[in-house]
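Participant: Dropping a structure here in structure tokens format, bear with me for questions.
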Amino acid sequence: MPVEQNGGNIILTHPKGASAEILLYGATVISWKSGSKTSSTPVERLFVSSKAALDGSKAVRGGIPVVFPNFGAPTHPEHSKLSQHGFARSAVWSFESIVVDNDAGVSVRLTLTPTPDIIAKYFRPFHLAYVVTLAEHQLSTDLHVKNTSQTTSTPPDALEFQALLHTYIRAPANAVLVYPLQGAKYYDKTESTEEARSQSKEETRAGVDVKKFTDSVYENAPGQYQVIWPGGGLEIRAKNFKDVVVWNPSQEAGSKLTDMEEGGWERFVCVEPGYVRGFATLNPGETWIGQQVLTVLEGERTQGQ
Ligand code: TA6
């Protein structure tokens with residue numbers, strides 16, 4: 001059965017063995033199991049903390065949380081009542097439809113429109129669609145944002161937002177490297193003062209590691225990334241997500257997260273395509289689509305190998 005709904009979970013199954021599981025809560029992908037070109041045995045590719053709440057009580061610590069309309073603490077006046085990373089990852093989405101179901105793969109579409117809880121904190125009309133597509137060795141997640149305002153004011157009733165896919169990649173944090181960020185401008189959120197955090201730096205490393213507490217926001221990043229470690233790897237291709245965040249809390253910050261399993265920070269790197277520096281703007285009726293395509297790299301030659 002390529003698509004099954006089990007209560008609040010959607011389970012996708014590929015004819016060649018890959019699978020994915022999505023919580024309607026937050027439209028959070030909580031599992032992606034895939035083989036590779038060198039091994040057909042499906043392996044879990046995402047990290048979800050064993051202490052993560054999967055009952056809808058709080059945002060999932062792991063998988064691919066959807067961040068909208070603000071990244072981090074709110075900075076836009078319209079987002080002032082919202083919590084860190086916005087409401088999309090903590091709202092219950094609707095399973096709208098099966099978009100594709102064939103030998104190449106399976107695709108489902110989830111949607112979110114303003115609920116009373118959202119309206120109480122955020123007044124703008126919007127329509128979100130999230131299309132998750134499972135192929136043999138690939139998982140795509142596309143976020144569609146539409147400004148559904150019917151206002152014909154001048155200036156137009158613009159929707160200003162940030163969006164990011166907070167992807168937790170299962171990988172050995174002491175050995176994983178992220179390419180190609182050398183030369184990219186970034187902001188280091190681990191700096192101890194706001195002044196230092198707001199100063200841009202230039203990435204000098206060919207491969208970015210996360211052997212220490214890392215929380216880096218790369219602006220206008222390449223849009224295609226290789227996340228590799230001895231014996232494994234993923235490629236991330238991003239469209240319209242002009243920035244990318246690389247995060248690992250290490251023990252320093254990870255041990256303070258109540259829903260982070262002991263030592264969990266040793267088993268993942270977050271590489272998060274997003275539009276987080278500045279705000280994307282949509283006039284009434286306009287739609288923006290941010291896409292992330294994850295592809296298993298095992299068995300492929302990659303940078304640094
Ligand atoms: O994407 C990195 C980040 O913004 C970090 O600063 C850290 O806060 C992380 O997200 C996790 O945020 P959360 O709200 O899920 O605990």
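The values are calculated or read from the model by the stated rules, or taken from the named source; none is laboratory data. Not measured: the values here are computed from a predicted model. When we count neighbours, we look across all protein chains shown, and the Cβ atoms used for this are built from the backbone with ideal geometry, even at glycine. Protein only, heavy atoms only, side chains kept; ligands, DNA and RNA dropped before computing areas. Shrake-Rupley method; radii C 1.70, N 1.55, O 1.52, S 1.80 Å.
Participant: Does Lys211 fit the bill of being charged (D, E, K, R) and closer than 21 Å to Arg45 by Cα? Don't jump to the end; show me each part of the working.
Facilitator: Working: charged (D, E, K, R): yes; closer than 21 Å to Arg45 by Cα: yes.
Here the answer is yes, as Lys211 does meet what is asked.
Participant: Among the listed residues Gly183, Gly223, Gly207, identify the single one that is surrounded by fewer than 23 Cβ atoms within 10 Å (Cβ to Cβ), closer than 19 Å to Gln291 by Cβ and out of contact with any Cys (no Cβ under 6 Å at 6 or more places or on another chain).
Facilitator: Numbers: Gly183 fails: closer than 19 Å to Gln291 by Cβ; Gly207 fails: closer than 19 Å to Gln291 by Cβ.
Matching residue, one of Gly183, Gly223, Gly207: Gly223.
Participant: Among the numbered conditions (1) aromatic (Phe, Trp, Tyr); (2) open to solvent by less than 10 Å² (accessible area, probe 1.4 Å); (3) touching a helix residue (DSSP H, G or I) at 6+ places or on another chain (Cβ under 8 Å), tell me where Tyr25 comes up short.
Facilitator: (2)
Participant: When you check Ile236 against the structure, is it closer than 30 Å to Thr113 by Cα and open to solvent by less than 60 Å² (accessible area, probe 1.4 Å), yes or no? Break it down into steps so the answer makes sense when it comes.
Facilitator: Numbers: closer than 30 Å to Thr113 by Cα: yes; open to solvent by less than 60 Å² (accessible area, probe 1.4 Å): yes.
The answer is yes for Ile236.
Participant: On to the next question. Among (1) among the hydrophobic types (A, V, I, L, M, F, W, C); (2) open to solvent by less than 70 Å² (accessible area, probe 1.4 Å); (3) not in a strand (DSSP E or B), there is one condition Leu128 misses while meeting the rest; what is its number?
Facilitator: Only one criterion in (1) among the hydrophobic types (A, V, I, L, M, F, W, C); (2) open to solvent by less than 70 Å² (accessible area, probe 1.4 Å); (3) not in a strand (DSSP E or B) is unmet by Leu128, namely (3).
Participant: Give me the residue from region 142-162 that is surrounded by fewer than 19 Cβ atoms within 10 Å (Cβ to Cβ) and β-branched (Val, Ile, Thr) and, out of that set, nearest to Ser36 (Cα to Cα).
Facilitator: So, considering only residues that are surrounded by fewer than 19 Cβ atoms within 10 Å (Cβ to Cβ) and β-branched (Val, Ile, Thr), the one nearest to Ser36 (Cα to Cα) is Thr148.
Participant: Looking only at region 92-135, how many residues end up being in contact with a Gly (Cβ under 9 Å, 6 or more places away or on another chain) and under 20 Å from Val276 (Cα atoms)?
Facilitator: 1
Participant: Turning to a different aspect of this structure: Name every residue in region 72-101 that is within 16 Å of the ligand (Cβ to nearest atom) and open to solvent by 30 Å² or more (accessible area, probe 1.4 Å), in order of residue number.
Facilitator: Answer for region 72-101, where residues must be within 16 Å of the ligand (Cβ to nearest atom) and open to solvent by 30 Å² or more (accessible area, probe 1.4 Å): Ala73, Pro74, Thr75, Ser83, Gln84, Arg89, Ser90.
Participant: Same structure again: I'm checking my understanding of the structure. Among residues of region 28-71 that are surrounded by 21 or more Cβ atoms within 10 Å (Cβ to Cβ) and charged (D, E, K, R), which one is nearest to Gly274 (Cα to Cα)?
Facilitator: Here the answer is Arg61.
Participant: Consider Ala196 carefully, then state whether it is at pLDDT 95 or above, within 16 Å of the ligand (Cβ to nearest atom) and small (Gly, Ala, Ser).
Facilitator: Judged against the criteria, Ala196 is a match.
Residues checked against (1) assigned to a strand (DSSP E or B); (2) free of Cβ contacts under 8 Å to residues at least 12 places away in the same chain; (3) open to solvent by 10 Å² or more (accessible area, probe 1.4 Å):
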site	(1), (2), (3)
Val106	yes, no, no
Arg109	yes, no, yes
Ile118	no, no, no
Ser140	yes, no, yes
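Participant: For region 171-183, give me the residue count where each residue is within 16 Å of the ligand (Cβ to nearest atom) and touching a Ser or Thr at 6+ places or on another chain (Cβ under 9 Å).
Facilitator: Total meeting the criteria: 2.
Participant: Moving on. Conditions: (1) touching a Gly at 6+ places or on another chain (Cβ under 6 Å); (2) within 16 Å of the ligand (Cβ to nearest atom); (3) within 19 Å of Val131 (Cβ to Cβ). Val48 meets all but one. Number of the miss?
Facilitator: Failing condition for Val48: (3).
Participant: With the structure loaded, tell me whether Leu46 is under 17 Å from the mean Cα position of the chain (by Cα) and within 23 Å of His144 (Cα to Cα) or whether it fails that test.
Facilitator: Yes; evaluated as a whole, the condition is true for this residue.
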